[in-house]
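Comments concern the structure below.
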Amino acid sequence: MSFREKSTWVTFVLLLVTFAVYFGNAFFVLHGANHVDGHPTSSLFHLFFQLVFWFIVLEIVMHILIAARTPKDANAPLDEREKLIALKSMQPAFYVLLVGAFLAIGTLHLGTTTYHMAHSVLFVVWIAELVRHGMQLYYFRRGG
Amino acid sequence: MRTPVITNAIRRLRSEHGDMTQQELADYVGVTRQTINAIELEKYSPSLEVAFKIAAVFKTPLEKVFQYRD
């Protein structure tokens, strides 16, 4: 497995776990009793920044570890197949983002708050990123 | 499974050149070992630039390395 593929796996898993924790909490906070007039308590805000902090720290640590095993690979620029994989993976992720963004805007017409809409947009960005990294892994496994 | 249109003789050429490894060929060409493997297994068709570089490593005309099948 190449450094790029390992790197993509690391980011994919960390994205999946970190934001699954966040959206799991956000769902209960936004739909539970722990909010006033649609504005959740600051706990959600703090949780978000804590998770983003740990996401960044773990990304750095994991990338240092995998780069230490294959330093030559890690320092090499993307080759043409890797660039093509990155480009091909952007397309489905973009469609997910586009459709999801419009659906997120549509939530306002359902009588939800801007706080809900912001979370819907964030959720869509998360799904689009998972699709992008997931597609990269698929193409890496397929060969190109 | 799709039938590859561009086939190649890289594996044979590597063995004829002192059992050159995929990593050695990748280093000469400037791509990753995984890319050479994907080309060799006909899962990925390289750009003209990489195709010419591979042919140059083996000091062989391009058409002896890559073949196009209709």
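A compact table of results
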{"quantity": "Computed [θ] at 222 nm, helices only, for the protein assembly as shown once each DSSP H run of length n ≥ 4 contributes -39500 (n - 2.57)", "calculated": "-24000 deg cm²/dmol"}
{"quantity": "Relative contact order computed over region A:59-144 (Cα-Cα under 8 Å; 6+ residues apart), in percent", "calculated": "38 percent"}
{"quantity": "Under-5 Å amide H pairs with B:ASN8, H placed in peptide plane, nonlocal only", "calculated": "B:GLN67"}
{"quantity": "Cross-link pairs A:LYS83/B:LYS59; A:LYS83/B:LYS53; A:LYS72/B:LYS59; A:LYS88/B:LYS64; A:LYS6/A:LYS88 - those with Cα-Cα distance over 21 Å", "calculated": "A:LYS83/B:LYS59; A:LYS72/B:LYS59; A:LYS88/B:LYS64"}
{"quantity": "For region A:56-61, Karplus couplings with θ = phi - 60° (6.51, -1.76, 1.60), whole Hz, Gly/Pro x", "calculated": "5, 4, 5, 4, 5, 4"}
{"quantity": "Residues A:ASP73, B:ASP70, sorted so that the one with the fewest Cβ neighbours within 10 Å comes first", "calculated": "B:ASP70, A:ASP73"}
{"quantity": "Histogram of C-alpha separations across chain B, 5 Å bin width, %", "calculated": "4, 18, 32, 29, 12, 5, 1"}
{"quantity": "Scattering profile of the protein assembly as shown at q = 0.10, 0.17 Å⁻¹ [log10 I(q)/I(0), Debye over alpha-carbon scatterers]", "calculated": "-0.61, -1.15"}
{"quantity": "With Cα atoms, 0 to 90° folded angle of helix A:114-142 axis to chain A main axis", "calculated": "20 degrees"}
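Any read-out appearing in this document is the output of simple, stated calculations on the displayed coordinates, not a laboratory observation. No experiment lies behind these values; they were computed from the predicted model shown. All Cβ positions, glycine included, derive from the backbone under ideal geometry; neighbour counts span all protein chains shown.
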